[in-house]
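One structure below.
The values are calculated or read from the model by the stated rules, or taken from the named source; none is laboratory data. What you are looking at is a predicted structure, and each value in this text was computed from that prediction instead of being measured. Cβ: placed from backbone, ideal geometry, glycine included. Neighbour counts: every protein chain shown.
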Amino acid sequence: MTDVLNGLRDVAGLEVSTEPDVLAAYGRDQGPVLEFIEPLAVVLPTTVDQVQDVMRWASSTGTAVVPRGAGTGVSGGAHATRNCIVLSLERMNRILDIRVEDELAVVEPGVINADLNAAVAPHGLMYAPDPASYRISTIGGNVATNAGGLRCAKYGVTRDSVLALDVVLADGTLIHTGHGTFKGVAGYDLTGLFTGSEGTLGIVVGITVRLRYLPREVCTVAAFFPDFQTAAAGVLAVGAARVQPAIMELLDSETMISLDSTQGSDLRARGGALLLIQTDGFAAETEAAMVRSVLTDLGGTVSTEDTEEAVRLVELRRHSRGDEVDDEFRVGEDVAVPRSKLVHYIAELEQMAKTHRVKLKVVAHAGDGNLHPTFWINTNEAPEGLDRLNAALDESVNVALAMGGTITGEHGVGQYKLRWLPLEQGAQVLEYQRRIKELFDPAGILNPGKAIA
Ligand SMILES: Cc1cc2nc3c(=O)[nH]c(=O)nc-3n(C[C@H](O)[C@H](O)[C@H](O)COP(=O)(O)OP(=O)(O)OC[C@H]3O[C@@H](n4cnc5c(N)ncnc54)[C@H](O)[C@@H]3O)c2cc1C
């Protein structure tokens, strides 16, 4: 294999590392690792030409390539696979253009989400998709996973903000998809296809994103309820009042206890569940008043938070995943259900945790019906406890699907959720996806064993 890597080292200016600590650090993301596989090498291109050369080398040698942004994915999409190289896009991190009047920006894939927002804010603009990992994840990774976030309740997911892409295909060919306009319906929507393809169809090397106006007014309402199900009912009550919040997040008591212990907050003392709502735009205060009224009627203890406290609460929500990385004993889920089923699904989750005697905490992008239940057991409960944990995970997925939901609302299938994909998608649909994969990547070298079954 050394000879093969020599060919890779011939790529002008490309950093190629085989240092053990680099291979260990880049060999996995933040998803559960079922079997750690060390990559052959980690390559860190800085130019599109280098990415093309790497892919030409990979296709001529038949070497698998795992693309990687910041490695914050939680489904194992960036885990190394056997005999692969990891292609990190982190050094391609320039913002190439900001076109204020067109409300768009052109970026390289390694730009950190928060850095783009900081760059466009002085122009009165924002890049709306804001995963809770926005300070550490890359736009390229966000595109590859079609990431969601807090503001998606109003502004949509990543795909809704991607106008055009530059993509290097498996054989090194560079293509451009999409357009520099908000509208455009010429041909099949390849931009939409590559967005969310988890690195299995091509390497995203350039992204044209749509920007939105940064709202001048923002109001944050915190509503504490005695129990989680009533807080979830608040989501529907706000919808029935025809208010469209920018952010609508739900935190259960276990999540608040965990935040209080790690962040020094006092959330649990204020109630048993928190519904955090942010309205924005010139009507923000009017909408917030409506939200307060509706949630008070529902029995909530409701307050409008001043700016400092509002920022703190939203930041706490972004931290709710905690610093722990998932493993076989602790798995964070990403199911979504139709919003009308939210209260019922939460009741089912609470029952599952009791039935299978596993611990549970839940945080939800409730405006989208997207839930992140985390199930866990203590390590000393293995091996029998692992069966209970997996039974709870399987049941949470099956119940979400039976309600018309999905196995993954925003994190992607990656490696970890592959076992559930055939439960959601029929044999014919899976077959068509395999054919699309074969068209772009006939030798199967792009992120094998991920995203499609
Ligand atoms: C604390 C925390 C909070 C999070 N909150 C959210 C959230 O609110 N919403 C959400 O959706 N996710 C969330 N995530 C998950 C994760 O941050 C997102 O999936 C994010 O989009 C991954 O970006 P990344 O740069 O880290 O990509 P990586 O993890 O490096 O890669 C993700 C996938 O994209 C592929 N990929 C990466 N870059 C490219 C590229 N340029 N071309 C082709 N394929 C590529 C990889 O192969 C992999 O399959 C969170 C994670 C953490 C740790």
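For this structure, a couple of remarks:
- Segment 75-90, subset of a type in the set (A, V, I, L, M) and in a loop (DSSP other than H, G, I, E, B), residue nearest to Val111 (Cα to Cα): Leu89
- Of all residues in segment 214-221, none are charged (D, E, K, R), out of contact with any Asp or Glu (no Cβ under 8 Å at 6 or more places or on another chain) and farther than 30 Å from Glu305 by Cα.
- Options Leu295, Leu275: the member that is closer than 28 Å to Gly412 by Cβ, away from the ligand (no atom under 16 Å from the Cβ), in the same structural domain as Ala233 (by TED's automatic domain parsing) and not β-branched (Val, Ile, Thr): Leu275
- Filter pass, Lys450 being assigned to a helix (DSSP H, G or I), within 25 Å of Phe36 (Cβ to Cβ) and touching a residue at least 40 places away in the same chain (Cβ under 8 Å): no
- Of all the listed residues (Asp252, Asp260, Asp266), the sole one being within 25 Å of the chain's Cα centre (by Cα), more than 16 Å from the ligand (Cβ to nearest atom) and without any contact (Cβ under 8 Å) to a residue 24 or more places away in the chain is Asp260.
- Restricted to segment 305-338, and to residues there that are surrounded by fewer than 17 Cβ atoms within 10 Å (Cβ to Cβ) and either within 23 Å of Glu424 (Cβ to Cβ) or among the aromatic types (Phe, Trp, Tyr) (or both), the residue that is farthest from the ligand (Cβ to nearest atom) is Pro338.
- Selection over segment 397-423 of residues that are away from the ligand (no atom under 15 Å from the Cβ) and either buried (at least 18 other Cβ atoms within 10 Å of the Cβ) or of a type in the set (Phe, Trp, Tyr) (or both) gives a count of 6.
- For segment 366-374, the criterion of being among the hydrophobic types (A, V, I, L, M, F, W, C), crowded, with 17+ Cβ neighbours inside 10 Å and more than 18 Å from Glu328 (Cβ to Cβ) is satisfied by at least one residue.
- Looking only at residues of segment 24-51 that are without any contact (Cβ under 8 Å) to a residue 60 or more places away in the chain and more than 18 Å from Gly110 (Cα to Cα), we find that the one that is surrounded by the fewest Cβ atoms within 10 Å (Cβ to Cβ) is Glu35.
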